[in-house]
Amino acid sequence: MWSTRIIVFCGWGLIAAGPQPGLNPPQETQPTSNEVGLATWVEELAHPEYAVRQQAQEQLRALPIAALPHLHDIYLQLSDLEVRLQLASIAEDIACREVVMQSGGFIGISWQPVDAVEDSRVPRDQFGVIVQRVLPGSAAERAGLAIGDLLLSMDGEKLMLDPKEPRDFARQIGSVPPGKRIKFGVMRGHRYFTVRLIVGHRPWTYIRSNPQLSPEAQQQVDHAEELLREWQTESQPSSY
């Protein structure tokens with residue numbers, strides 16, 4: 001009789017048979033349906049139809065971290081550089097997903113806090129935030145924020161920042177759950193208007209470069225980078 005060894009990947013399962021001591025092992029192991037599914041999705045990354053490629057990327061990105069070793073086995077057999085690069089990027093998304101999901105809100109701007117002395121448009125009893133950069137593809141760009149805009153309020157409340165802590169605004173945004181819709185009161189020149197946007201997740205590149213991570217968050221980042229190390233150090237095919 002064969003014993004059954006079951007590995008459960010957060011809803012993505014792989015069932016493999018393993019012999020009991022004293023019994024002859026089977027001569028051939030057939031690939032599981034999950035392994036076949038992985039290989040099929042990877043093949044579809046090179047499909048000529050955009051919709052098929054997009055669906056394959058979504059299926060692969062939804063995989064749990066436990067699937068990474070199986071993806072890496074497929075990766076090592078690939079000769080198509082473009083597919084290899086896509087799969088490496090997908091692997092990074094999988095490894096970093098848990099850290100990103102727990103990283104707090106992000107709207108995609110760099111800023112400079114100002115008060116009434118520095119900018120006459122700011123009321124004396126509060127602070128404002130001048131937008132210095134808007135990241136492409138960010139929530140701020142989609143909402144129409146632009147360089148030079150002055151943010152004066154968030155969800156109807158005046159921006160009250162700690163003048164001794166330049167990252168105070170970042171902490172306020174980070175405390176907003178990703179996916180929540182928020183509203184800013186904005187001055188562009190001398191015209192006042194409101195902007196509504198949906199808060200996004202902080203990108204991995206910003207998380208890993210943050211020198212003020214908590215010990216728990218740093219441990220998660222280190223674990224994700226350890227998972228990705230074999231992908232990042234893998235040499236590309238010599239034909240390229």
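Condition first: within 15 Å of Ala140 (Cα to Cα), of a type outside the set (A, V, I, L, M) and surrounded by 11 or more Cβ atoms within 10 Å (Cβ to Cβ). Now tell me which residues in the stretch 182-195 satisfy that.
Matches in the stretch 182-195: Lys183, Phe184, Gly185, Arg188, Phe193.
Is there any pair linking a residue in the stretch 167-180 that is touching a residue at least 60 places away in the same chain (Cβ under 8 Å) to one that is among the basic types (Lys, Arg) and surrounded by 15 or more Cβ atoms within 10 Å (Cβ to Cβ), with Cβ under 9 Å and at least six apart or on different chains, and which?
Gly174/Arg202; Pro178/Arg202
From Glu58, Glu118, which residue is farther than 26 Å from Tyr206 by Cβ and either loosely packed, with under 15 Cβ neighbours inside 10 Å or not aromatic (Phe, Trp, Tyr) (or both)?
Answer to the check: Glu118.
Could you check the stretch 124-137 and list, in sequence order, the residues that are closer than 13 Å to Glu157 by Cβ and exposed (fewer than 13 other Cβ atoms within 10 Å of the Cβ)?
Asp125
With the structure loaded, tell me whether Gly104 is on the phi > 0 side of the Ramachandran plot, modelled with pLDDT of 90 or more and either under 24 Å from the mean Cα position of the chain (by Cα) or exposed (fewer than 15 other Cβ atoms within 10 Å of the Cβ) (or both) or whether it fails that test.
no
Can you list the strands (runs of 3 or more DSSP E) found entirely within the stretch 77-174 that contain at least 1 residues being basic (Lys, Arg)?
Because the criterion is at least 1 residues that are basic (Lys, Arg), the strands (runs of 3 or more DSSP E) in the stretch 77-174 that meet it are 128-134.
Of Asp149, Asp115, Asp125, Asp162, which residue is among the acidic types (Asp, Glu) and at pLDDT 95 or above?
When all the criteria are applied, what remains is Asp149.
Applying the selection to the stretch 138-149, what residues are closer than 18 Å to His190 by Cβ and either surrounded by 20 or more Cβ atoms within 10 Å (Cβ to Cβ) or in contact with a helix residue (DSSP H, G or I) (Cβ under 7 Å, 6 or more places away or on another chain) (or both)?
Passing the criteria: Leu145, Asp149.
When residues of the stretch 63-73 are filtered for being farther than 16 Å from Ala224 by Cα and surrounded by fewer than 17 Cβ atoms within 10 Å (Cβ to Cβ), how many remain?
Residues in the stretch 63-73 being farther than 16 Å from Ala224 by Cα and surrounded by fewer than 17 Cβ atoms within 10 Å (Cβ to Cβ): 1 in total.
The values are calculated or read from the model by the stated rules, or taken from the named source; none is laboratory data. Everything quoted here is computed from the prediction, not taken from an experiment. Glycine gets a Cβ as well: all are built from the backbone with ideal geometry, and neighbour counts include every protein chain shown.
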